[in-house]
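There's a structure below that I have some questions on.
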Amino acid sequence: MGLQRLHVATRYSEAAIFNGVVYLAGMVPECEAKDIRSQTADVLKQIDIRLAEAGSHKGLILRTQIFIADLKDFAGMNEVWDAWVTPGTAPPRATVQAALTNPEWKVEIVVTAAQAAMA
């Protein structure tokens, strides 16, 4: 199985698939909302879409990296995350505070997942 890239731009791809593993780029909010809950929900919706395009889903996530701009938003982000994760399939996860590229962004999430056909 060869390397496949999805939504290729000049600087990056939204996803790459290799040997049954899906690697998503950092997903950032595309909504106008300023609060952590809305931004997290928006990012998780994007992850659902990208994983589906790659033949995967949130139950097959192998690893997640979450970057939040302010640790005071940790509880709000977790509230949305906990409602989104399928019970019994919570993936390994790291969450760190980071200065994000756009000061309006409160969260960025990077996901690696297995393709459904390979799981």
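The values are calculated or read from the model by the stated rules, or taken from the named source; none is laboratory data. Nothing here was measured: the structure is a model prediction, and the numbers come from that model. Cβ coordinates were reconstructed from backbone atoms using ideal geometry, including for glycine residues, and neighbour counts include every protein chain displayed.
Considering segment 90-119 alone, what residues qualify as being part of a loop (DSSP other than H, G, I, E, B), at pLDDT 95 or above and within 14 Å of Ile61 (Cα to Cα)?
Ala90, Pro91, Pro92, Gln115
Same structure again: Suppose we keep only residues that are of a type in the set (A, V, I, L, M, F, W, C) and closer than 21 Å to Gly88 by Cβ within segment 44-72. Which one would you say is surrounded by the fewest Cβ atoms within 10 Å (Cβ to Cβ)?
Ala52
Out of all the residues in segment 51-69, is one or more over 23 Å from Glu104 (Cα atoms), touching a helix residue (DSSP H, G or I) at 6+ places or on another chain (Cβ under 8 Å), touching a residue at least 60 places away in the same chain (Cβ under 8 Å) and assigned to a loop (DSSP other than H, G, I, E, B)?
yes
Separate question: Could you say whether any residue in segment 22-29 is in contact with a strand residue (DSSP E or B) (Cβ under 9 Å, 6 or more places away or on another chain), over 21 Å from Ala9 (Cα atoms) and surrounded by 20 or more Cβ atoms within 10 Å (Cβ to Cβ)?
There is no residue in segment 22-29 that is in contact with a strand residue (DSSP E or B) (Cβ under 9 Å, 6 or more places away or on another chain), over 21 Å from Ala9 (Cα atoms) and surrounded by 20 or more Cβ atoms within 10 Å (Cβ to Cβ).
Sticking with this one: So for segment 34-53 (the condition being more than 15 Å from the chain's Cα centre (by Cα) and on the phi < 0 side of the Ramachandran plot), does at least one residue qualify?
Within segment 34-53, one or more residues are more than 15 Å from the chain's Cα centre (by Cα) and on the phi < 0 side of the Ramachandran plot.
Would you point out which residue out of Ala41, Ala75, Ala16 is of a type in the set (A, V, I, L, M), surrounded by 15 or more Cβ atoms within 10 Å (Cβ to Cβ) and part of a helix (DSSP H, G or I)?
So the residue among Ala41, Ala75, Ala16 that is of a type in the set (A, V, I, L, M), surrounded by 15 or more Cβ atoms within 10 Å (Cβ to Cβ) and part of a helix (DSSP H, G or I) is Ala41.
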